[in-house]
Amino acid sequence: MGLHTFNNQSLIMVDTMLGILGGMGPLATADFLAKVVRNTKAGVDQDHIPIIVRCVPQVPDRTMALAGRGPSPLPALKAGLQALASAGASVIAIPCNTAHAWYDDLRESASIPILHIAEAAAKELGTRVRSGARIGILATQGTLTAGIYASRLAQAGYDVFVPSAAEQERHVTPAIALVKSGDIAKARRLLRGAVLHLRKRGAVGLVLACTEIPLALARANGTLEDDLLDPTEALACACVRRFSPEKISVGPER
């Protein structure tokens, strides 16, 4: 239970708070927080769910670790979970797809529940696309290698495929790096090429399984094309439903 003072007058007791383990990367964390707020029906500030955000970008690179070229992020992730739990979080969301490669280890060590971004995405996909449909995945090489999405979507009955190695190296990997460095326009051009490539291979739906990718492919009004699914948005909606099912807004924007 967390203690919070407002206007230096009243002490408010908050029994449940969402903890966001962020910083991977910082822009994706800010985007996720905005999506939680946007998907909450609220008339006044007090209608929103309480949130604690831990945005520490110094977590070791997840893709490099999975490739055996860098230190494991697990100790830093565990430290982040402990900090959020100590601060009063009652459930955790991690707006980083690749970090979910360590989900089982984190869940075993955590004293509070951790929502899974791929499970939230799979549930949302089930409301849009029939089982058996051909689904493409755009993600970091680490997320693809770890099978974070492929296994869950295949279990749901989807025909899952990913970009070719050349396409991943030419378009997806550099685009993600460009978003992290702030060059959204160039990243968008590269990712549009990757999307077109997967559509030509028969994808009827595309899961944007890296938190940076939806940032680059969003239209001017912030929405995505109908066949693009944003797991970050799905996770945000799962968070709102977890705390206040009656406050969920229209759901993931399309």
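Working carefully through the options Leu196, Leu191, find the one that is open to solvent by less than 30 Å² (accessible area, probe 1.4 Å), at pLDDT 95 or above and of a type outside the set (S, T, N, Q). Walk me through it before giving the result.
Details: Leu196 fails: open to solvent by less than 30 Å² (accessible area, probe 1.4 Å).
Result: Leu191 is the single residue among Leu196, Leu191 that is open to solvent by less than 30 Å² (accessible area, probe 1.4 Å), at pLDDT 95 or above and of a type outside the set (S, T, N, Q).
Can you report the number of residues in the range 218-241 which are touching a residue at least 12 places away in the same chain (Cβ under 8 Å), open to solvent by 20 Å² or more (accessible area, probe 1.4 Å) and either hydroxyl-bearing (Ser, Thr, Tyr) or touching a strand residue (DSSP E or B) at 6+ places or on another chain (Cβ under 7 Å) (or both)? Please lay out each step first, then the result.
So in the range 218-241, the residues touching a residue at least 12 places away in the same chain (Cβ under 8 Å) come out as 222-240.
If we keep only those that are open to solvent by 20 Å² or more (accessible area, probe 1.4 Å) too, we end up with 222, 225-227, 238.
Add one more test, that the residue is either hydroxyl-bearing (Ser, Thr, Tyr) or touching a strand residue (DSSP E or B) at 6+ places or on another chain (Cβ under 7 Å) (or both), and what stays is 227.
Final tally of qualifying residues: 1.
Tell me which residues, restricted to the range 83-116, are over 22 Å from Glu212 (Cα atoms) and either of a type in the set (Phe, Trp, Tyr) or open to solvent by 60 Å² or more (accessible area, probe 1.4 Å) (or both).
Initial filter on the range 83-116 (over 22 Å from Glu212 (Cα atoms)): 83-91, 104-113.
Once the filter is applied, which keeps residues that are over 22 Å from Glu212 (Cα atoms) and either of a type in the set (Phe, Trp, Tyr) or open to solvent by 60 Å² or more (accessible area, probe 1.4 Å) (or both), the range 83-116 yields Ser86, Asp104, Asp105, Arg107, Glu108, Ser109, Ser111.
Could you tell me how many of the residues in the range 34-54 are in contact with a strand residue (DSSP E or B) (Cβ under 8 Å, 6 or more places away or on another chain) and open to solvent by 60 Å² or more (accessible area, probe 1.4 Å)? Outline the logic, then answer.
Residues of the range 34-54 that are in contact with a strand residue (DSSP E or B) (Cβ under 8 Å, 6 or more places away or on another chain), as a first pass: 36, 39-41, 47-54.
Then drop every residue that is not open to solvent by 60 Å² or more (accessible area, probe 1.4 Å), which leaves 41, 48, 53-54.
Residues in the range 34-54 being in contact with a strand residue (DSSP E or B) (Cβ under 8 Å, 6 or more places away or on another chain) and open to solvent by 60 Å² or more (accessible area, probe 1.4 Å): 4 in total.
Taking the criterion of being over 19 Å from the mean Cα position of the chain (by Cα), surrounded by fewer than 19 Cβ atoms within 10 Å (Cβ to Cβ) and in a loop (DSSP other than H, G, I, E, B), would at least one residue in the range 165-182 satisfy it?
no
Could you list all residues from the range 64-82 that are surrounded by fewer than 22 Cβ atoms within 10 Å (Cβ to Cβ) and either in contact (Cβ under 8 Å) with a residue 60 or more places away in the chain or touching a Gly at 6+ places or on another chain (Cβ under 9 Å) (or both)?
Here is the first cut: in the range 64-82, the ones surrounded by fewer than 22 Cβ atoms within 10 Å (Cβ to Cβ) are 64-72, 74-76, 78-79, 82.
Residues satisfying the conditions are Met64, Ala65, Leu66, Ala67.
The values are calculated or read from the model by the stated rules, or taken from the named source; none is laboratory data. Quick caveat: nothing in here was measured; it's all calculated off a predicted structure. Here Cβ is always computed from backbone atoms with ideal geometry, including for glycine, and neighbour counts include all displayed protein chains. The protein model used for the area step is the full one, side chains on, heavy atoms only, and it has no ligands, DNA or RNA in it. Shrake-Rupley method; radii C 1.70, N 1.55, O 1.52, S 1.80 Å.
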